[in-house]
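Derivation of every value follows stated rules applied to the coordinates shown; laboratory data play no part. Because the structure is a prediction, the values reported are computed rather than measured. We place every Cβ from the backbone using ideal geometry, glycine too, and count neighbours over all the protein chains shown.
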Amino acid sequence: MEARLNLLGTPLAAKSLKYFASASKVIIDDSTLPSATQDLVMLRASQINGCGFCTDIHSKDAAHAGEPPVRVNMVATWRESTVFTEAERAALELTEQGTRIADAAGGVTDEAWANAAQHYDEEQLAALALLIALINASNRMGVITRQADGGYQPGQLG
């Protein structure tokens, strides 16, 4: 599959992507949301959205950060898995509901939010909500423009 558009070769897209990267960097570098949770959230949303480009990135980054293969491989079946903490499970539930907004007539349920709030403080909840929104936007860009997967090397994006 060939990409429909070279996002970095298009001045407007390249400029916009710098802002996306800056927003992501604030969450990744400045929040106290555990990095493992961030990786799991980005991977799960990418899987749901069918973004091979982002799934490639986030699965490889998680493994590179020391995430055991069993956890990376089980993200898609986290509900049936025993390898995730209760906090991670709450974040993954919030990710699924935040990603599948159109499928859930009411959006994110109060129960899912309350469960996440039992495990994360307000700053971490803000980081989680922002991260879910950003990865969903990134996934959509990747799918719309058919960004190619498979060639990513951990750390390549900075």
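Confirm whether residue 32 is loosely packed, with under 15 Cβ neighbours inside 10 Å, in contact (Cβ under 8 Å) with a residue 24 or more places away in the chain and either touching a Gly at 6+ places or on another chain (Cβ under 9 Å) or over 26 Å from residue 144 (Cα atoms) (or both).
When the stated conditions are applied, residue 32 passes them.
Please specify each residue of segment 115-158 satisfying the condition of being small (Gly, Ala, Ser) and closer than 26 Å to residue 10 by Cβ.
133, 137, 138, 142, 148, 150, 151, 155, 158
Looking only at segment 113-150, filter to residues that are of a type outside the set (A, V, I, L, M) and surrounded by fewer than 14 Cβ atoms within 10 Å (Cβ to Cβ); which one of those is nearest to residue 20 (Cα to Cα)?
140
Can you tell me how many residues within segment 87-112 are part of a helix (DSSP H, G or I), surrounded by 13 or more Cβ atoms within 10 Å (Cβ to Cβ) and not aliphatic (A, V, I, L, M)?
Looking only at that region, the number is 8.
Note down all Cβ pairs under 6 Å where the first residue falls in segment 50-75 and is closer than 14 Å to residue 153 by Cβ, the second is crowded, with 19+ Cβ neighbours inside 10 Å and polar (S, T, N, Q), and they're at least six residues apart or on different chains.
Note: pairs meeting the criteria are 53/147; 58/46.
So, in segment 113-158, exactly how many residues are more than 16 Å from residue 46 (Cβ to Cβ), outside any helix (DSSP H, G or I) and among the aliphatic types (A, V, I, L, M)?
Total satisfying the criteria: 0.
What do you reckon, is residue 86 out of contact with any helix residue (DSSP H, G or I) (no Cβ under 9 Å at 6 or more places or on another chain) and more than 15 Å from residue 45 (Cβ to Cβ)?
no
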